[in-house]
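As structure tokens, the structure follows; a few thoughts come after it.
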Amino acid sequence: TKPASKKKWDLENILTEDLMEAAVRIPKEFNYDLDAESKDPIKKNRIDITIIYTVGLGFGRRLGIECKRLKNDSELCREYYKNGIKRFISGYYSEAMPLAGMIGYIQEDNVFKIISAINHYLDQHITIQLLAEEKTDDNLEYLYSSLHDRNKDLGRIKLYHMMLDYINLIK
């Protein structure tokens with residue numbers, strides 16, 4: 001709940017910081033680092049979470065994840081598209097990577113209505129779809145993917161979307 005003493009209170013950043021604090025306490029199976037609100041060393045743009053890992057011979061990779069608050073509200077769904085998905089498509093985020101991620105913090109309504117609202121902003125031949133290979137998972141309704149042709153001859157990018165149900169946590 002927003003404290004009365006705060007004039008500016010960025011709920012998305014607070015949720016992301018909380019998520020990052022929890023993530024660093026989980027034991028790692030692979031060697032990687034997490035960086036919150038990191039700047040791309042070349043473009044100087046900011047992305048909410050960066051996973052930094054090595055693929056061998058010292059070649060480092062950066063996997064970007066952008067986070068947005070969501071409810072069945074045209075403004076927030078447009079924001080998820082415009083300042084999230086579209087930035088990956090344009091190459092503004094994760095230009096060199098063929099995959100990236102989005103996290104949606106659901107604060108009202110249900111995930112199916114929200115996905116439908118986000119799909120409204122995508123090209124009609126592209127939709128965010130349930131991950132087919134996860135059909136036996138109880139959390140299936142919160143895991144999605146979408147495949148996009150990118151600008152500037154960057155090839156395609158596959159975005160993985162994880163919707164986190166924060167309805168009972170956000171007031």
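The values are calculated or read from the model by the stated rules, or taken from the named source; none is laboratory data. This structure is a prediction, so every number in the text was calculated from the model and none was measured. Note that each Cβ is placed from the backbone with ideal geometry, even for glycine, and that neighbours are counted across all protein chains shown. Surface areas here come from the heavy atoms of the whole protein model, side chains and all, with no ligands, DNA or RNA. Shrake-Rupley method; radii C 1.70, N 1.55, O 1.52, S 1.80 Å.
Asn110 - would you say it is free of Cβ contacts under 8 Å to residues at least 40 places away in the same chain and open to solvent by 20 Å² or more (accessible area, probe 1.4 Å)?
yes
Please indicate, with yes or no, whether at least one residue in segment 79-89 is among the aliphatic types (A, V, I, L, M), modelled with pLDDT under 75 and at negative phi. Explain how you work it out, then say what you get.
Taking segment 79-89 first, the residues among the aliphatic types (A, V, I, L, M) are 85, 89.
Next, from what is left, pick out any that are modelled with pLDDT under 75: none.
No, there is no match, as no residue in segment 79-89 is among the aliphatic types (A, V, I, L, M), modelled with pLDDT under 75 and at negative phi.
Just for segment 151-161: of the residues that are touching a strand residue (DSSP E or B) at 6+ places or on another chain (Cβ under 7 Å) and open to solvent by less than 80 Å² (accessible area, probe 1.4 Å), which one is farthest from Ser94 (Cα to Cα)?
His161
Condition test on Thr16, is it open to solvent by less than 40 Å² (accessible area, probe 1.4 Å), farther than 21 Å from Tyr142 by Cβ and either at pLDDT 75 or above or in contact with a Gly (Cβ under 7 Å, 6 or more places away or on another chain) (or both)?
For Thr16, the condition - open to solvent by less than 40 Å² (accessible area, probe 1.4 Å), farther than 21 Å from Tyr142 by Cβ and either at pLDDT 75 or above or in contact with a Gly (Cβ under 7 Å, 6 or more places away or on another chain) (or both) - is not met.
Restricting attention to segment 31-53, and to residues there that are at pLDDT 75 or above and open to solvent by 50 Å² or more (accessible area, probe 1.4 Å), which single residue is farthest from the chain's Cα centre (by Cα)?
By that ranking, first place goes to Asn31.
Give the residue, chosen from His120, His125, His148, that is open to solvent by 60 Å² or more (accessible area, probe 1.4 Å) and modelled with pLDDT of 85 or more.
Exactly one residue qualifies, and that residue is His120.
If I ask for residues that are crowded, with 18+ Cβ neighbours inside 10 Å and in contact (Cβ under 8 Å) with a residue 24 or more places away in the chain, which ones from segment 73-86 would you list?
Once the filter is applied, which keeps residues that are crowded, with 18+ Cβ neighbours inside 10 Å and in contact (Cβ under 8 Å) with a residue 24 or more places away in the chain, segment 73-86 yields Cys77, Tyr80, Tyr81, Ile85.
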